[in-house]
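Working notes for the structure below.
The values are calculated or read from the model by the stated rules, or taken from the named source; none is laboratory data. Because the structure is a prediction, the values reported are computed rather than measured. No Cβ is skipped: glycine too gets one built from the backbone with ideal geometry, and neighbour counts run over all protein chains shown. Note: areas computed on protein heavy atoms with side chains; ligands, DNA, RNA excluded. Shrake-Rupley method; radii C 1.70, N 1.55, O 1.52, S 1.80 Å.
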Amino acid sequence: MAESSPNPSSGSQEHLLGSADFILSNTLDCIAAVDQDWRYIYLNDRARLAIAGGRDLVGMNFWDAFPGAAGHPLGDAYKKTMSDGVVRELEAFFEPLDQWFACRVVRIAEGVVTFFRVTTRERKQDSALSAISARLQSIFGNLDLGVTVLDSRGFILEANRAAEKLLGIPNDQLCGLSVNSPEWRAIDVNGRQIAAGEFPAMVALRTGTVVRQFVMGVFNPGSGDRRWLSVDAFPIRTIGNAPPSHVYVIFSDITERQEEENELRLSRSFMEIAQRVTSIGSAAIDLRTGKWNWSEETCRIYGVDPHEFMPSAQSIAPLIHPSDREAVLCAPEMAQKGLTPPTIEYRIRRPNGEERLLRRDAVLIYDDLGQVIGVVGAVQDVTDIRAREQEKELLRAQLNHAQRLDALGRFAGGIAHDLNNTLVPVLTLSDVLASSFSENDDRRKLIEMIKRAAERGRDLVRQVLTFTRRDAPNRQRVELVEFLESSMGFIRASIPKTVEVVYRISRVPPIFADPSQIHQVLMNLVANAAHAIGEGRGTIEIALAEGNLNGAPVLANRAASFAIMSVIDTGCGMDAELQDRVFEPFFTTKGVGVGTGLGLSVVHGIVTAHGGAITVKSAPGAGARFDVYLPFAER
């Protein structure tokens, strides 16, 4: 089968595209590249127009396309660079195309790339340029400003005495240097190295437009330090709208000014970093001009873009809570009266809808005559600080409540043990005495009444002991969904028919618990809800979901999520004082003889023994919600 003519590989083209930065930094105008087999793999548009009349030579052999290159300086340069990898620059007349070419031949991994431009027209313009240079020599030779003339390739042709002094390079060494020369060590104001193509002269040559006040730092070998220059570049066209053939570069030394600006910029940078670390921004108002000035940190605190947002009373007013707006915006008026604006905390709503709490401290600024000329404020986002303070207060209250319950529990436990010891002989002797009388004997009935009272006391003791028990319950894996479903019949039977029961149950992972004790928790909460509703109509909602503590007491169990069993009623509700005491033993809002005041305290003891927590949310007339947090079994 006939062998097809080789084409450049897609990998070569991809690699060449990957070398774009290298190519662009060395290009003059035209780019042409051949692989190691001398086949063209890339030509840009200028190259095709310059050497092929617009034809695409990709895939053609260089020596076939230009037979006249063999033995020509251009062809020799190609061969040598392909062989030894040395970069070569030359300018030569190529007879087959009847043109002068300025070339730079560079070895790359795929082969050789040539950066070149047609210089025939420039050759013809040299004489005209010489005349212009002669006339200008007497002018710029005595200027205090540095002046250099560069050709279209970026080589310095002429330089005045001021340029020698400012650049620290003698004229005989300066002329002939190009923008590619490493001597410059050029950087911009941010300390970034300036590529040759970004020099003002090259930008002016490339775009044909004037470049003004470009600031760059160059190394001055004469003084041994870096000098900062403000550079203007003026492209020169000798024929109509043709590309510039030369560029005049005029520059002045601004080292002192630039160093002051760098110090100021560094100082501002340090201040911005300090404000960002401390989350404290600054805001200033110039009373002479009415201008507001915010730091970037202040803009961040307000949630606005520092590059787009223009601070003023009108622009920030919509961000401030209406109730706080006057207190914030009166600062300029107070300052004009010589009054320091007070320290305030105020609310804002960021453009994204997020609400934050801010603190502002302000001081007045005076001129040399003692007149107030401005006000400066420190702005701090204290939202998280205040939230932590509230959380700390909540934890302190929870700790006090837990300590109070513990003290009551210990006290009740001691009484319960003593009472239990007292009831044992009563119950025992009641049985003995009752057996000594007949069934119809009134004395037997009285003894049985004593026994029932003692049994009721024993049950009361058991509840107290359940509340005070410290040992872990007998646990097993419990599926709460099935548990609640099996409890529905008991719940319905235990409350009045006028109370509707609604279930909102979601599947959650199993827990480790004592089923009988969890049943006791549920039934106590339901009974408490039914009592809160009373004889009228109402609703009890029983819910099960997965969630986090969400403001519940901090637990030793640091599980990420819990099973949350909730009992919600539409009853009479409770005020804050009742909520604080609702889990205390013997505390009840029921009438005499109706309750013992141990139901919710027992619930609290059971839940705590299971490593969980219980919370209550209520308000008078708004019902109550009890949330029981139980940790999941290990998965």
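Tabulated data for the structure shown
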{"quantity": "Ranking by accessible area, most exposed first, for LYS617, LYS165 with a 1.4 Å probe", "calculated": "LYS165, LYS617"}
{"quantity": "Estimated FRET transfer efficiency when R0 is 60 angstrom, pair HIS72-THR209 (beta carbons, to 0.05)", "calculated": "0.95"}
{"quantity": "Using θ = phi - 60° and Karplus 6.51 cos²θ - 1.76 cosθ + 1.60, couplings along region 607-619 (whole Hz; Gly, Pro as x)", "calculated": "4, 4, 5, 8, x, x, 8, 9, 10, 10, 10, 7, 7"}
{"quantity": "Segments 166-176, 83-93 sorted - mean Cβ within 10 Å per residue, highest first", "calculated": "166-176, 83-93"}
{"quantity": "Rg and Dmax of region 487-544, Cα atoms only, in Å", "calculated": "12.3, 37"}
{"quantity": "Accessible area (Å², 1.4 Å probe, nearest 10) - ARG121", "calculated": "130"}
{"quantity": "Net lengthening on full extension, VAL86/SER561 (0.36 nm per residue, minus Cα-Cα)", "calculated": "164.1 nm"}
{"quantity": "In sequence order, calculated HN-Hα J values of region 302-310 (Karplus, 6.51, -1.76, 1.60; Hz; x Gly/Pro)", "calculated": "7, x, 10, 7, x, 8, 10, 7, 10"}
{"quantity": "Heavy atoms of VAL481: accessible area, 1.4 Å probe, square angstrom to 10", "calculated": "10"}
{"quantity": "Shape parameters for region 279-376, alpha-carbon atoms, Rg then Dmax in Å", "calculated": "13.4, 45"}
{"quantity": "Burial order of peptide ranges 223-232, 146-155, 516-525 (average beta-carbon count within 10 Å, highest first)", "calculated": "146-155, 516-525, 223-232"}
{"quantity": "Förster radius 56 Å - calculated FRET efficiency between GLU479 and GLU261, Cβ distance, rounded to 0.05", "calculated": "0.20"}
{"quantity": "Accessible surface of region 143-260 [probe 1.4 Å, protein heavy atoms]: carbon and sulfur percent", "calculated": "50"}
{"quantity": "Percent carbon-and-sulfur accessible area, region 279-376, ignoring ligands, DNA and RNA, probe 1.4 Å", "calculated": "51"}
{"quantity": "Two-site label geometry, LEU433 and GLN390: point separation in nm, points 7 Å out along Cα→Cβ", "calculated": "6.1"}
{"quantity": "Using alpha carbons only: equivalent-ellipsoid semi-axes of region 143-260, gyration tensor based, whole Å", "calculated": "22, 16, 13"}
{"quantity": "Segment CYS330-ILE187, extension gain: residue separation times 0.36 nm, minus the distance between their alpha carbons", "calculated": "46.8 nm"}
{"quantity": "Modelled FRET efficiency - R0 60 Å, ASP575 with LEU369, Cβ distances, 0.05 increments", "calculated": "0.45"}
